[in-house]
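Coordinate-derived values only; no laboratory data. Nothing here was measured: the structure is a model prediction, and the numbers come from that model. Every residue, glycine among them, receives a Cβ derived from its backbone with ideal geometry; neighbour counts consider all protein chains shown.
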Amino acid sequence: MKHNHETESKIETSLNQSTNNASPTFCVAMLKNGSTVKIEGKAEEFLQTIKESDFAWVNVQVDDLKENGSKVASMLGFTPSIIHELVSQRFSGYDDHTTEIGLMLPAVRVTKLDVEINKLIILMKNNLIVTIHGEHVTRLVKFARYAVTSFKKVPKNLDDVDKISLVLIRILDENNERNFDGIRAIQEQGEEISKYLIQPTFPRQELGNDIYKMKHALISYLEALWASLDVVHYLRYGDAELITDDPIILQKVGMLSTDLTRQISISEQMSTVLASGLEVLQSIYNNQLQMLNNRLALIVVWLTVLGTVVLVPNTIATILSIGHISDKVTLTTVVVILVTSTLVSAILAYLYGKKLLLPPKLS
């Protein structure tokens, strides 16, 4: 068993190292002679391979989507303005130029409760798909290890539009799956926060700040999922010329929509749970405040009793000490009067204070 764990660890380390060493700019192509290739380098080095391919996927990492992305698009035969139109959108975009299509999708990366939403550009025409993104989007580089195998599974007897649509669906699915990892990261942080809810002594300000961060993370994550769903909805009927209208392939687009809808539902449920957590937190604060008020009220009662115990006997003693009265009252009588007045005033003060200041007991 130990040997198996060590072997799995070595394999995982090897895969991570190979991914880290992989170039973020590459081309995967199914050549017209039936062979599949993957080459790395610069985008301009892929032009000849694209010409010789049945269908191809080019992935390019750029520093600036608007400027460098437009240059890459132009070099690969796309209209440069399509990049400007897509990048100007907030989270998602769809631009159909009949002979070419541009999509923009959110690529979500969650670190603890920090949600980073990056832009992923997808361009399509004829037999070519191009993905353009910044340096923080690494999911497609990891997926590229399986792209050659994925290309081989595409039936050779399909039309070009069907083949390229299958490649598009696989890329969309990979992006969605990596986005879905974000909800797990948020759930883990939610578990950490929930531990503090049962600790009345935990600093309220810190706990409130953590809950606000989680709420903000959920809202940002939900926005990204809704944006992805909007793009998928544009594709699900195959209205565009470059998107397949094959019902079997369009079912795969429907599955993407179903997966996104399910994740949105999970996120909204988490939001409901978070709202319940806020209500619990508010109840805890209210209970703590009520307990403090009860303690203060009890202190006031006892202070009232002590003040009365001192004040009433002192007043009576002052009256009895007057010359013509003190001569007529014996010491025993004075003591009895003082003790009795002290006890009666203390009891009355306690009963009055308890009735006036203390809250009624819950039945």
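Give me the Å³ per residue figure for the convex hull around the C-alpha atoms of region 12-283.
Expressed per residue, the convex hull around the Cα atoms of region 12-283 is 136 Å³.
Taking region 63-157, how much of its Cα-Cα pair set, in percent, is spaced more than 20 angstrom apart?
Of all Cα-Cα distances in region 63-157, 43 percent exceed 20 Å.
Past the 31 Å Cα-Cα mark, which pairs from Lys142/Lys195; Lys42/Lys215; Lys51/Lys142?
Those over the limit are Lys142/Lys195; Lys42/Lys215.
For Asp239 and Val273 in one chain, what is 0.36 nm times their gap in residues minus the Cα-Cα distance, to one decimal in nm?
Roughly 8.3 nm would be gained on extension.
Straight distance only, please: which aspartates and glutamates reach the Cα of Lys66 with their own Cα at less than 20 Å, same-chain residues fewer than 8 apart left out?
Of all the aspartates and glutamates, those that pass the test against Lys66 - Cα under 20 Å, at least 8 places apart if same chain - are Glu44, Glu85, Asp95, Asp96, Glu100, Glu116, Glu135.
Ranked by Cβ crowding within 10 angstrom, fewest neighbours first, how are Asp64, Asp96 ordered?
Ascending number of Cβ neighbours within 10 Å: Asp64, Asp96.
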